[in-house]
Structure formats: C-alpha cells, structure tokens
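Here's the structure we're looking at; comments come further down.
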Amino acid sequence: MPQRHVIQMSTSHASYGVCVLGTEVFLDTRRSTPKGATSFDVHATSAVTVHIIHSLTTKPMINSRWPLDPDIEVVVTIDVTSRTVNDNKVKISYYGREGNELSVAWLYLTCVDVSLDVDLSRSGRVKSKGKDKAKWTWGPDGQGAVLLVNCDRDSPGRGGTDSGEVDIRTSADLQDMSIMLLRTQGPSAIFTEYQVVLHVPESDADKVRVFHAIRSDSHPQYKPVLGPDKLSYVLDHVGSGENTFYVEGLAFPDVGFSGLVSFSVSLLEVPHKNSPGTPIFTDTVVFRVAPWIMTPNTQQPMEVFVCSIQRGSDSNEVFLEGLQVLLKKANCKLTICSEVETRSDRWIQDELEFGYVEAPHKTFPVVFDSPRNRGLKDFAFKKILVRGCIASPLSPCKIPHPGGPCHCSSLPQGPDFGYVTREPPRRDVSSLDSFGNLDVSPPVTVQGKEYPLGRILIGSPLPWSSGRRMSKAVRDFLYAQKVQAPVEVYSEWLSVGHVDEFLTFVPAYDRKGFRLLLASPNACYKLFKEKQRQGHGEATQLIGLKGSERRSIDEILADESLKNDNRHVQRCIDWNRDLLKQELGLSEQDIIDIPQLFILKGSRADALFPDMVNMLVLGRHLGIPKPFGPLVGGQCCLEERVRALLEPLGLTCTFIDDYYSYHVLSGDVHCGTNVRRKPLAFKWWHMVP
C-alpha cells in the first residue's frame, strides 16, 4: 500500500511537517479534539488534496462537516513540490453541538520529492519514477533493473578482478556497472533539517558495492559509499537535482543468494544532532544480478583456443595442422596457447567453460574456471582475464612493474573477459568436475515450457547410485543461475566420465534448428555387418598407426567380449536417450546415431577408436576425430557413414588426426579445444524460469 506518515495535530499551537510528493500523510486529530466537539471540517490550500476515509454508514453533515466518528481518518496528499518552506496549509475546525466553532488546528506542510531510480524497464536508460520499484519480475513485460558482477579486469596492474577493488581507476570500469539516480527537489532549507540516507540491507551488503559520482573541478571522483563494510550513507548538501551512483555486483547467484539485491533511500526527521532520526519516507529499488550463461554449439564461434604441445612422442603438431585447416574453412580466429603458458596441459576443454553475462547496457564474456586445477590451473585467470597495457615508445607504460621492465605489450589485448570459479575442498573434486562434463543444449520447448537459452547438461551417476559426482559447489552454482535449468545425465559409466564422450549438438537448418548426436555401438555393429555382407570382412581398422592393435571387421564382429561390453554401453546411452527426449522435448527425428564402439576397462568404458561425437562444432563446419576405420574401396567406412548422416543437414565434415596426441591419452578433439561463442540473442530477463 502507498507509504504515509503521521503528523500529530494540535489546537494549542501550529504543527509543521514535511511530506514527499504523492505520498499520504495521516493527520492524527484524536488528541487535538476539544471537549464538547461533535463535528469538524477540513480546508486546505490549492495544492493540497484532502481525503476523508470513512465507513459506508458515516455520512457528511451540512456545510461539509463530518461527525467526530472514531473510524474517520483524515489523509492529505500534495502533488506539487514546494517552492518555499511551509507554503501548504491545512486547517481543521472543530464544532460544538450548537454548530459553534470551538477551536482550530493548523498544519504547515512543505512538499519535497525524493526518488531512487534505476533502469526499471530494462531499456538501458534510467527513467524517472515508476510503479512497484521494489518488485522484480520475469518475462517480456517484467520490470526491474539488472546488475553485472564486475568480474573482469579493466584496470591494468591489478592482481584480481575489478570487484575485488574498492576504487575506480578507469572509466571502462564504470561501463560494467549499473546506474542508480537519486533525485531530490524542494526548498534547500528543508534538507538542512532532514537527512537523506542511502542504505542497503545487511543481508545484501556483501553482494554489492556502490560508488557516488562526485563532481569536481579537476576530474570526477567516485566515492565508495555502500558495500560489505558500509550499510548506509548520509548525503551532504542535498538540494534540487540528481546524485549519480554506480552499482557493481560482487557475487553471482548461488546457494543462499537468489541474485536479488535492494537499495533504499530514506528521508529522516532528525530532532537533534545526536539523534539517529526517524524515517518519514523510504523509496526502494531492486536489482537482479545477471546469471552466468553458457553458449550451445549452435551459436556462432568467435575464437577457438588450443594448447600447443611440442615435446615428446605425444606432440600435437599434426593435430594443430589439421585444426588450422578446419579454422580456415570456418573463417574463425584460432588462439594457440604456448606450452609454457599451459604447463604442458593439453586438456583445455576440461579446465574452463566460456559463457557470458548480460545487462541491457553491457554484455561481456565470462570464463568459468573449473576446480580441476592441473597444469592449466592458472591459465584462465592469468592469461584470459588479463588485458595488460599497450606500451610503446610513444606511449610508455604507466603501470608500475617492480623488479623488472614492462612486458605488458606482449600480453593478450583481448576483449572484456570476466572470471568466476568455485573451489570445493580438494577431497570433493573428481574427474566429473572437469568441464568436458558440462554442456548445454540449444533452445528447446518441453511440453509447452520454453527454455530459450537451452538447458545445461551435467554428467552424474544414476540418481539412486553412489559414485563420482560433480562437486556440490559447482552444481549448486549452475543450478542457482536459474535460466538454463540443468539436467543431470548418466556419464559415470565412462572411465573419464564426461558427457562429451557420448553426446553433442550440431546445428541444422530445419525442424528445431539442431540435432542431438549420440554415440551408438548399435549403429557401428550395423555398419560393420553391412560391410561384411558386401564382402569386406577383411577390411582392417587403424591402418598406418604404429603400436596399435589392428583388427578386421570379421574379427571385431566375432569378439563376444567386445559385444558384451557394447551391449552394456548401449544400455547406458539408451537410458540417456530416453531422459534427453523427455527433458529436452526431442523426438527420434531430432537424434542421429553416430557409429562408435567402446571397451570396458574394469567396470567403466573407453572409446575403442577415436570418439567421433567428441567433435569441434564451428557453425556448419565440424572437426571430427579421424576414426581410422576399416578401409572399403580406399575409403574409411566410418567417415563415409558419418558424412552421409551429417552432410545432408548442410554440414561439412573435416576429420582431424588426434590419435596419438589425444585419443590414446583418453580424450579427443573436443577435449583438446575450447570455443568462445557469440551470446544468444534472447535476453535472459524475458524468460520465466
């Protein structure tokens, strides 16, 4: 209900008060009623509107007088700010039984305007006023401002993200923040007697920081006024005008934090200097911290990252050559990370996941660093987050470099990159915490429920089973983002245990706009039997690969142990097939089976030959592990079958040799690459989770 405050009326002296534009003021007349009075009337100057609130049975008397009924309330509002102090007057006259005036109570009111405003409509601009500012709602007709976690590093020379600093060093940092305006209007003399205080609830204070933009003759200053150690801020020298505040998020949604934060401005009546003051008006606004969002394979690629491994028998030089051929076809930027930078860790997909954050005024990529923490442990923070400086003889570096010369000009000068991580206790981290075990579907609709940003896929054990599981800290973070409601699929049957070992999504230009590819032992056995019937049973796999066990189609089909292994694998994949059909709203026509065989080592499975669903998807160009399948008519029959399945969708298949550099080390093309993609066009705040 609308805010209002109470002013005590008196017949022995005039009362004085301040009200805020458009708010209700309740006039307490009971204590001022003279003995013998039976009725009253109210008159006011033109800017004041008087509201008499009464029951249905109470009727006004003659001459606009009202009986002194205890259920009657007198409320006034003013819709024009005062030009001078006390320029609005209210007069209450009390009458006796004979109609004679017994006494009068006078009230002098000064009307001011105090308004805290944000980008309520999510247009990228702060507009004045607005209804229900203290509510945040989802959907295309929703309202409420958006706040970004300031997790990039715009200021060179800092050790961490911008959100870890309590000052602003560059205007670029301001662009990651949301604007909040405090508008005040009214006679300046009033604001010397009443305090204007900006404040944040204690529960929200560690999630945000607020800077006050203070005008200066030399250069603007940005004073930190609210945050983890500051719950309130009293404004000095308030008058008619605007005060600009910049708000940054310090924390993503997570367990115990929905992402909603509120700020309020209160007008306080301060009876004397040492009094804490009493609020007579409070205006509240709400922000929602923007979630971290993953991008599906169907989004346009912007940059591919890969590690260079030059030393040893498992050098990936051949792999890099094949990858460069693919990147040229896809017309996509390739960033090759040196062996020194990556500490000889080639599994860049497992170490990090590229996503983004978005507000109406700004979007930037944010890398989620996994708790895997092997050779690439510091790569995302030190090499992707860093922006460095641009030093030259004409523009020398101004960043202090203790102990040595500046080498900033050799650092990546990439775009705004944010950084987030979750670090569970080491005892809780398993192979399933690597981000090859993290994927996201394209946008889907499931039984009328829309997921316009897709759904995150997390590899897990069966719901009722124990076993390796992605750590709670990481899973909790992913669930808390809300906009890509996760689905936990069954991946623990694999030795490495990652979802990218048996599924991927590729774009298609019909139906839903994509296909789900699933590894399929059944499809592989069907293909090999077909080739055997055609007289090619002696065709042999893995030709030309030293140290590998070559087997013919006949030998593979005769291996009963291998058949049993793949019956088990097929059942595991079929369990996921049914789950994904249900959770992603898919039909059989949306799924393509990619021939693949596995072999059990103990109770868990590995790919028998390079795992073709573990591919790199760059628009319509696919980088697929070269399977080295049986040669029929000089052609690999596995490659031919995959081309026949995917090329009718408008896709092109480039098979890349990753056998020694990745496959024999329990990974393939997708495991060794990572892609930053264009953000989805859909605005996350338009959906209803």
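Ordering LEU503, LEU453, THR137 by Cα displacement along the dipole of the chain toward the positive end leaves THR137 in first place; charges were set at the Cβ atoms of Lys, Arg (+1) and Asp, Glu (-1). Among 668-680, 262-274, sorting by the average number of other beta carbon atoms lying within 10 angstrom of each residue, highest first, gives 668-680, 262-274.
Label separation (ARG31 vs GLN324): 8.7 nm, computed from points 7 Å beyond Cα along the C-beta direction. Can you tell which of GLN541, VAL569, ILE556 lies farthest toward the positive end of the dipole of the range 530-578, using +1 and -1 charges on the Cβ of basic and acidic side chains (Lys, Arg; Asp, Glu)? So the residue we want is GLN541. Using a cut-off of 9 Å between beta-carbons, work out the net charge of the residues near VAL285 (Lys and Arg +1, Asp and Glu -1, VAL285 not included). Around VAL285, the charge tally is -1. For CYS337, nonlocal amide neighbours, meaning residues 5 or more places apart or on other chains whose placed amide H falls under 5 Å from its own, are VAL306, CYS307, SER308.
Near GLY186, once Lys and Arg are set to +1 and Asp and Glu to -1 for all other residues with Cβ below 10 Å from its Cβ, the sum equals 0. Applied to the range 108-113, the Karplus parametrisation 6.51 cos²θ - 1.76 cosθ + 1.60 on θ = phi - 60° returns per-residue 3J(HN,Hα) values of 10, 10, 10, 9, 10, 10 Hz, with x for Gly and Pro. For SER520, nonlocal amide neighbours, meaning residues 5 or more places apart or on other chains whose placed amide H falls under 5 Å from its own, are ILE594, GLN596. Centre-to-centre, using Cα atoms only, the range 2-34 and the range 622-650 are separated by 84 Å. The 3J(HN,Hα) values that the Karplus relation (6.51, -1.76, 1.60; θ = phi - 60°) gives for the range 310-320 are, in residue order, 9, 8, x, 6, 9, 4, 9, 4, 5, 4, 5 Hz. Gly and Pro appear as x. Assuming a ≥ b ≥ c are the square roots of the Cα gyration tensor eigenvalues, decide whether the range 1-91 counts as rounded (a/c under 1.5), prolate (otherwise, with a/b larger than b/c) or oblate. Prolate. Across all directions, the average flat footprint of the convex hull enclosing the Cα atoms of the range 118-290 is 11.6 nm².
About the Cα centre, and with charges only on the beta carbon of Lys, Arg (+1) and Asp, Glu (-1), how big is the dipole of the range 552-689? Nearest 20 debye, please. Using only the charged Cβ atoms, the result is roughly 760 debye. Calculated from the structure at hand, Cα Rg over 2.2 N^0.38 Å is found among (i) 1.23; (ii) 1.30; (iii) 1.01 as (ii).
Shape class of the range 579-689 from the alpha-carbon gyration tensor: prolate, with a/c at 1.5 or above and a/b greater than b/c.
Taking every C-alpha pair closer than 8 Å and separated by at least 6 residues, the mean separation divided by the residue count of the range 118-290 gives a relative contact order of 27 percent.
Between rounded, prolate and oblate, where does the range 196-244 land on the alpha carbon gyration tensor, with a ≥ b ≥ c its root eigenvalues, rounded for a/c under 1.5, else prolate if a/b exceeds b/c? Oblate, because a/c is 1.5 or more while a/b does not exceed b/c. What number comes out for the charge environment of SER103, summing +1 per Lys or Arg and -1 per Asp or Glu over other residues with Cβ under 12 Å away? Here the count lands on +1. About the centre of its Cα atoms, the range 4-112 shows a dipole size close to 160 debye [charges on the beta carbon of Lys, Arg (+1) and Asp, Glu (-1) only; nearest 20 debye]. Taking amide H as placed 1.01 Å from N in the peptide plane, the amide H of LEU618 sits under 5 Å from that of GLY623, each at least 5 places away or on another chain. Couplings for the range 259-276, taken from phi via the Karplus curve 6.51 cos²θ - 1.76 cosθ + 1.60 with θ = phi - 60°, read x, 8, 9, 10, 10, 9, 10, 10, 9, 10, 8, 10, x, 8, 4, 8, 6, x Hz in order; Gly and Pro are left as x. Enumerate the whole-percent occupancy of each 5 Å bin, from 0 to the last occupied one, for all C-alpha pair distances of the range 291-367. Each 5 Å bin holds this share of Cα pairs: 3, 12, 20, 22, 18, 13, 7, 3, 1, 0, 0.
Given the DSSP H assignment, sum -39500 (n - 2.57) over each helix run of at least 4 residues in the chain and divide by its residue total; what's the result at 222 nm in deg cm²/dmol, nearest 500? Value at 222 nm, helices only, nearest 500: -4000 deg cm²/dmol.
With charges only on Cβ, +1 for K and R and -1 for D and E, what is the dipole size of the range 118-290 about its Cα centre, in debye, rounded to 20? For the range 118-290, the charge dipole is close to 420 debye.
Could you pull out the pairs from LYS328/LYS449; LYS89/LYS223; LYS581/LYS683 whose alpha carbons sit more than 29 Å apart here? Distance filter (> 29 Å) returns LYS328/LYS449; LYS89/LYS223. Shown here for the range 201-232: trypsin sites (Lys or Arg not before Pro) in loop regions (DSSP other than H, G, I, E, B) with at most 10 other Cβ atoms within 10 Å, namely ARG215.
No lab work stands behind these numbers, since they all come straight from the coordinates. Computed from a predicted structure; not experimentally measured. Positions of Cβ are generated from backbone atoms using ideal geometry, with glycine treated the same way; all protein chains shown enter the neighbour counts.
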